[in-house]
Structures are given as C-alpha cells and as structure tokens.
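A quick write-up on the structure given underneath.
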Ligand code: OMP
C-alpha cells in the first residue's frame, strides 16, 4: 500500500485529519521522563498510546532527537517503531542538498527509519528531489509557505508577478502526482491555503501552526475546503499537562482538535 492510500485509510478509520507532532523536549516533559533515551521514549510511548485512536499521522521532527547525538538517534528509531502500522509517519527532516547527497538522506529516511513520508526543502530544485521521488510509494511534503514570520523574507518574493511559494507548487506539480507530492503550508497563512488549494486540489497539505503558534482552526478549515490535508499540532497536545494526568490531557486535546477539524 502506498502512503497516499495508507493516509486516506487512517483518516477514515479514526475520522481524523489530526497529526500529533512528537516534538519531545526534556525541558517540557514531566519530571519522571527527564532522561535520554529511556525517559523520553517512555513519554512518547504514553503519548502514542493515549492518542493513536484519534490521529491519522505522527510527525517526528528530527531536531528534537538529533540534539542528543547517538542516544537521540536511538530514541528516534525506537519512536518510529512504536507507531502503529496503520498510522502514517512523517519524518520532519527538511532535507535540502544536491541530488547525489539527497540519495543518502533518502536512504536514511525511507530505508533506515522506514518513514512513510518526509518534509523537504525544495530550494535546490528538481534534481535534488528526484532521489526522494524515486521511492514511488512514499510521500514527499515540499516546504511551500511556512508558518513563521520570516517566511515572508524569501517565500513571498515575486518573480513575473507571482510569489515564490506559488512557483514551487506550479512547477512541482509536473514532477510528482497526487500520490507522492504534497505541500507544507502554515496554519498562520489561511488566505494562501485557500489560493494554493485551488492550484493543487488533489494533493495533500501538511498544515502546522495551530495551537501554540496561534493559527486559527476555523480559518484553516474554511480555507482548506475539505481538500486532502493533515493538520499538525505538537506542543498544544503533548504538553497539555506536566502532571501525572499528562497522557489523559493529551488524549482530551487530541479529541478536541480532531473534532474541531471536521
Ligand atoms: P507546534 O507549534 O508545537 O504545534 O509545532 C509545530 C511543528 O511543525 C514543529 O515541529 C515545526 O518545526 C513544524 N513546522 C512549523 O511549525 N511550521 C512550518 O511552516 C513547517 C513545519 C513543518 O514542516 O512541520
């Protein structure tokens, strides 16, 4: 089964387009989990156990793991392995380099970590993405218009009267299809979600920025117009409580977000 199909199935089974971001942070987890890798792995295990029936995907941002060196890689690998087979994994690695080098990154993410999908920075163009597209059954999320204020610095620069982020969608639609090509668009940019939706009606959008970053659920849902999407929430779910009830509170938040996206 390819990732596109797996994602559709997971969304239907759990009636959810929520992705929980496992952005595990030793400074934010409850006291008993403050060790690497064992404590953080136990924390991830509890979060996955309490939210797995309410999500379609889990996103693992590599920064939160790589900072611990070898132990972090161990934690990352073991966290991937904890995720149930019917839920999609997103390797949020934001890789970007020349094609020859990207071949190594693709092997790491799809062969070693066995992720279903990946986030990629498309700045280096088509040949840099080909090693990832050569994995036909996987899904590649291209950074298109990010949620942070600095997204305006480059992504909104116009060429021929069209902002860069629109060129990314227009050009890359010729490089992949709805099954393997997807886009990252920040929840803080609902007007642009609306515009990009009409450019790419059948491709998945990964929409982060709801919750802690202040993206409006209502505006995102309206702008997305029921298009294929995965809405990511990290901190607002996994750190819903620092107390003993952290897993129950994470579950409550996951259910609340899942319902609000419908
Ligand atoms: P919270 O703000 O805690 O929900 O986390 C958001 C997650 O999405 C983090 O892992 C970010 O690195 C990631 N993200 C953004 O916040 N904005 C973007 O434009 C793109 C991403 C991403 O690619 O996932």
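Bear in mind these aren't lab numbers, they're just calculated from the coordinates by the rules spelled out. Note that this is a predicted model, so its numbers are computed, not measured. Please note: Cβ atoms are built from the backbone with ideal geometry, for glycine as well, and neighbour counts cover all protein chains shown.
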>> Looking only at residues that are assigned to a helix (DSSP H, G or I) and farther than 17 Å from residue 59 by Cβ in the range 209-241, which one is farthest from the ligand (Cβ to nearest atom)?
In response: 222
> Restricting the range 191-208 to residues that are more than 26 Å from residue 9 (Cβ to Cβ) and within 16 Å of the ligand (Cβ to nearest atom), which is surrounded by the fewest Cβ atoms within 10 Å (Cβ to Cβ)?
Replying inline: 191
> Mind checking whether some residue in the range 242-253 is touching a strand residue (DSSP E or B) at 6+ places or on another chain (Cβ under 6 Å), within 16 Å of the ligand (Cβ to nearest atom) and either outside any loop (DSSP other than H, G, I, E, B) or farther than 26 Å from residue 43 by Cβ (or both)?
Replying inline: no
>> residue 227 - would you say it is surrounded by fewer than 24 Cβ atoms within 10 Å (Cβ to Cβ) and in contact with a helix residue (DSSP H, G or I) (Cβ under 9 Å, 6 or more places away or on another chain)?
In response: yes
> Among (1) part of a loop (DSSP other than H, G, I, E, B); (2) surrounded by 14 or more Cβ atoms within 10 Å (Cβ to Cβ); (3) free of Cβ contacts under 8 Å to residues at least 40 places away in the same chain, where does residue 188 come up short?
Replying inline: (3)
> Among the residues of the range 45-62, which ones are surrounded by fewer than 24 Cβ atoms within 10 Å (Cβ to Cβ) and either over 19 Å from the mean Cα position of the chain (by Cα) or away from the ligand (no atom under 14 Å from the Cβ) (or both)?
Replying inline: 45, 46, 48, 49, 50, 52, 53, 54
>> Can you find, within the range 171-185, the residue that is nearest to the ligand (Cβ to nearest atom) among those that are out of contact with any helix residue (DSSP H, G or I) (no Cβ under 7 Å at 6 or more places or on another chain) and not in a loop (DSSP other than H, G, I, E, B)?
In response: 184
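Looking only at the range 220-230, decide whether some residue is in contact with a strand residue (DSSP E or B) (Cβ under 8 Å, 6 or more places away or on another chain) and within 17 Å of residue 148 (Cβ to Cβ).
Keep residues of the range 220-230 that are in contact with a strand residue (DSSP E or B) (Cβ under 8 Å, 6 or more places away or on another chain), which gives 220, 224, 227-230.
Filter again for within 17 Å of residue 148 (Cβ to Cβ), leaving 220.
Looking through the range 220-230, at least one residue is in contact with a strand residue (DSSP E or B) (Cβ under 8 Å, 6 or more places away or on another chain) and within 17 Å of residue 148 (Cβ to Cβ).
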